[in-house]
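For reference, the structure is listed below as structure tokens.
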Amino acid sequence: MKIMFVSSELAPLAQSGGLGDAVSGLARALGALGHEVTCVLPAYRSLLQSPACPRLVERSAMRLTFHDPAGAFDAFGRLLEGPLFPGVDVAAVDLPSLYDRPGLYGYGDDGLRFVALARAAAYVAEATLPDVVVAHDWHAALTIGALRTSLDRGLTRGVGTVQVVHNNAHQGRYPSSLLPHTGLARDLFHANGVESWGELNLLKCGAIFADRIVAVSPSYAKEIQTSTFGEGLEGMYRSRAHRLRGIVNGIDAVRFDPASDAALPAHYSTTAPEGKALCRRALLDELGLVEPAPGLLVTAIGRLAAQKGWDVLLFALEGLLQKGATIALLGDGDKELAGQLHIKAAQHPDRVWFKSAFDEGLSRRLYAGADVVLVPSRFEPCGLVQLIAQRYGTLPVGHATGGLQDTIRDPLFTPLKRADDVEDPWKSATGVLFSPLSAQALVDGVARVAALGASGRLKEVQRRLMAKDVSWDGPAQSWEAILTEVSSEGRLRL
């Protein structure tokens, strides 16, 4: 199949978080299955300057006209293309007036910037006629809206469409004044169309027209149909439940591989696990921390944000210290949280370490050296932290929500238990789940891993985690099945 991805991020060229990894990993896996994947994304300044950027050649000039009550204006640029991975090409929308900036996001005209991306991608799809267009999150959703409205003609009608919901909390809501720039008809601005609570909702624009909606885990596909997680779109998701699926993400098992990771002081695998203990000792030396008992070297890695539950983690620190834990934390984001974590580290310099930054190499050493990775997310569509932790033989301790429930097996938490699970829960466990989301529940989850360490079985479980398949191989096959269905349905429209 010819598959077009549209996304605001794509690792290793442009990313601010997990979205870029997820889009890149799925594209590479589908390419490995023999499909032709083209990834359309903005030609950010950082993308064009990235050492990872392939040689891009100009395929066509580009001109987008935007209309508003004050009149019309144009954005001029070009489409640049080049190969990225086997079976995967990049198509970068180079509109300097919109994308030649220091950052990816955070500008007052972000709505217009991603409307431009989606409109450009829709025109590219009309010209190249892929079998399926896959729009990732709200930034790309208008692509589907355009294909099913103003461009729904001729052979373009046969192009299948899939809207991916990576995070329903971010929907691309903008004042109705943005609507003329989208090219959508004014009569689509209503409750059963692209309007939501008086605003233009770009994610809804993709979801209502898509042949399929894919959430990034089965549990999240159910959660977004509830008022707790639907963020005002739960009714729409329920009405389209027959088109809504959930598929967990994978990770790049080549990029994240403790047997070859250049950032690690020692390598290890299921057949040669000794290096993990060396990574643990080296991490303690690097950070100047005291060695805790097995199961009590605890880390957390990621965005300092309420969604990720770092405020709960902050309140849990004293309880973890009382249990004998040594704690290493790496995260960037909320400055107030960062300040409080710095205070805790200063109060316990040999037991708590914190760095407010994104440090790729250090994050790998934390995954490899720790016994436990904390994932106290309030909600988690899928999550990559727990998958990377498992890949590195480190037990995730996560709040029982969204994709964490789908990727962490905890027989003591699962309602339906097999007899052998009750007899020996660690025989099949791939982590610890806890609920409710509270400091005490988190501490209790870590205490279970500490008890495992005291029993002498921690290394056994770590080896089993390393053998767990967290790659894109399985998810890519599920994706292939959906894309095949959508492609077939598209052809029936011709």
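Tabulated data for the structure shown
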quantity	calculated
Stretchable slack from Ser177 to Leu494, in nm (0.36 nm times residue separation minus alpha-carbon distance)	110.7 nm
FRET efficiency for Val290 and Ala263, using Cβ-Cβ distance with R0 set to 22 Å, rounded to 0.05	0.40
Flagged links, alpha-carbon separation over 28 Å, of Lys204/Lys335; Lys323/Lys355; Lys2/Lys222; Lys222/Lys335; Lys355/Lys468; Lys323/Lys344	Lys204/Lys335; Lys2/Lys222; Lys222/Lys335; Lys355/Lys468
Placed amide H near His166: partners under 5 Å, 5+ positions off or other chain	Asp137
Calculated FRET value between Ala277 and Glu336, using beta carbons and R₀ = 35 Å, to 0.05	0.40
For the stretch 454-472 versus the stretch 147-221, the gap between their alpha-carbon centres in whole angstrom	42 Å
Karplus-derived 3J(HN,Hα), 6.51/-1.76/1.60, for each residue of the stretch 35-46, Hz, glycine and proline x	8, 9, 10, 10, 9, 9, 8, x, 8, 4, 4, 5
Packing-based ranking, highest mean first, of 84-91, 51-58, 402-409 given that Cβ atoms within 10 Å are counted	402-409, 84-91, 51-58
Highest-first arrangement of 374-381, 321-328, where packing means the average Cβ count within 10 Å	374-381, 321-328
Translational diffusion of the stretch 146-186, µm² s⁻¹ [Kirkwood Rh, Cα pairs; Stokes-Einstein; 25 °C; 0.890 mPa s]	196 µm²/s
Summed side-chain charge close to Ser60 - residues other than Ser60 whose Cβ falls under 12 Å, Lys, Arg +1, Asp, Glu -1	0
Square roots of five times the Cα gyration tensor eigenvalues for the stretch 224-317, Å	39, 21, 10
Nearby aspartates and glutamates by direct alpha-carbon distance to Lys459 (threshold 14 angstrom, same-chain neighbours under 8 apart not counted)	Glu274, Asp371
Alpha-carbon Rg/Rh ratio, for the stretch 274-467, with Rh computed the Kirkwood way	0.94
Gyration tensor (Cα) of the chain, equivalent ellipsoid semi-axes in angstrom	41, 23, 22
Segment Gln440-Thr226, extension gain: residue separation times 0.36 nm, minus the distance between their alpha carbons	74.3 nm
Per-residue HN-Hα couplings for the stretch 301-307 [Karplus 6.51, -1.76, 1.60; θ = phi - 60°; Hz; x = Gly/Pro]	9, x, 6, 7, 8, 4, 4
Ellipticity estimate at 222 nm from DSSP helix runs (n ≥ 4, -39,500 (n - 2.57)) divided over the chain, nearest 500	-11500 deg cm²/dmol
Amide H partners (placed H, <5 Å) of Thr161, local residues excluded	Val133, Asp211, Arg212
Relative contact order computed over the chain (Cα-Cα under 8 Å; 6+ residues apart), in percent	13 percent
Fewest-first ranking of Phe66, Phe76, using other Cβ atoms within 10 Å as the exposure measure	Phe76, Phe66
From phi via Karplus (6.51, -1.76, 1.60), per-residue ³J(HN,Hα) for the stretch 344-353 in Hz, x at Gly/Pro	4, 5, 5, 6, 10, x, 9, 10, 10, 10
Three semi-axes of the equivalent ellipsoid, the stretch 197-254, Cα gyration tensor, whole Å, largest first	22, 13, 12
Rounded to 10°, Cα long-axis angle of helix 360-369 versus longest principal axis of the chain	40 degrees
Simple label model, 7 Å out from Cα along Cβ direction - Ala241 to His190, nm	2.6 nm
Long-range amide H partners of Val90 with built H, under 5 Å	Cys39, Gly82, Leu84
0 to 90° range, to nearest 10: angle between helix 110-128 axis and the chain longest Cα axis	70 degrees
Helix axis angle, 439-454 relative to the chain longest principal axis, alpha carbon, degrees	60 degrees
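Where a number appears in this text, it was derived from the coordinates with a stated rule and is not lab data. None of these values were measured; they are calculated from a predicted model. Using ideal geometry, Cβ is built from the backbone for each residue, glycine included, and neighbour counts are taken over all protein chains shown.
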